[in-house]
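Trainee: Following this message is one structure expressed as C-alpha cells.
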Amino acid sequence: MKEKDLDFELSFYEGILKKNPKFVQVLFILGDLYTKKGWYKKGLEMDKRLVRLRPQDEIVYYNLACDYSLLKNIDASLKALRKALKLGFRDFRLIEKDSDLDYVRQDKRFEALILEFKKGKKRNFEPLNKLKTKDGR
C-alpha cells in the first residue's frame, strides 16, 4: 500500500472513530493500519480498547500479543498470547510465521507456551475409555 493511500485510510477511519468510538471493525482496521505505518503504540491503544469491548475474543488478544512483541515487551506479549490460546486461538502456523511475533519468539518461554497448547494440556476432555454409552457400557 502506498504511503499516500495509507494516510488517506487513516484519516478516513479516524474520522469514523471520532463519531463512533466503540465501532469494533474500525478499531481493528486502525490497529492494523497503525502497525503498517510503524506506529506500534497507537496500534496497541486500539487493541486495548478492543479488549475492553470484546474481552472474550481470541483474535483481539492475539493482536495484543503482536503489539507487545513489536514494542519489545516479552512478558506482556506472552501473557496476551496465553490468553488468546486459552480463548481458543489455534492458528499455530500463523503464530510461528507472523513477523510481528519475531521478537517474542526468541524467548524460550514462547516455544514452551506453544507446545503446551499444541499438546492439548488445556483441554478438559475425558479419556475415551472413561466415557460410557447411554446404556451404561
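The values are calculated or read from the model by the stated rules, or taken from the named source; none is laboratory data. Please read these numbers as outputs of a predicted model, since none were measured by experiment. Here the Cβ is made from the backbone with ideal geometry for all residues, glycine too, and neighbour counts use every protein chain on show.
Trainee: With the checklist (1) free of Cβ contacts under 8 Å to residues at least 12 places away in the same chain; (2) farther than 21 Å from K119 by Cα in hand, flag the one item L53 doesn't pass.
Mentor: All conditions are met except number (1).
Trainee: Quick one: is K72 of a type in the set (K, R), farther than 30 Å from K119 by Cβ and not in a helix (DSSP H, G or I)?
Mentor: no
Trainee: Looking at the range 62-71, is at least one residue surrounded by 15 or more Cβ atoms within 10 Å (Cβ to Cβ) and charged (D, E, K, R)?
Mentor: There is at least one residue in the range 62-71 that is surrounded by 15 or more Cβ atoms within 10 Å (Cβ to Cβ) and charged (D, E, K, R).
Trainee: Has the range 100-111 got any residue that is at pLDDT below 95, of a type in the set (A, V, I, L, M, F, W, C), surrounded by 15 or more Cβ atoms within 10 Å (Cβ to Cβ) and more than 30 Å from N20 (Cβ to Cβ)?
Mentor: There is no residue in the range 100-111 that is at pLDDT below 95, of a type in the set (A, V, I, L, M, F, W, C), surrounded by 15 or more Cβ atoms within 10 Å (Cβ to Cβ) and more than 30 Å from N20 (Cβ to Cβ).
Trainee: Looking at (1) under 15 Å from the mean Cα position of the chain (by Cα); (2) buried (at least 18 other Cβ atoms within 10 Å of the Cβ), which one does L33 not meet, given that it meets all the others?
Mentor: L33 satisfies all of (1) under 15 Å from the mean Cα position of the chain (by Cα); (2) buried (at least 18 other Cβ atoms within 10 Å of the Cβ) except (1).
Trainee: When only residues in the range 75-97 that are in a helix (DSSP H, G or I) and of a type in the set (G, A, S) count, which is surrounded by the fewest Cβ atoms within 10 Å (Cβ to Cβ)?
Mentor: This residue is A76.
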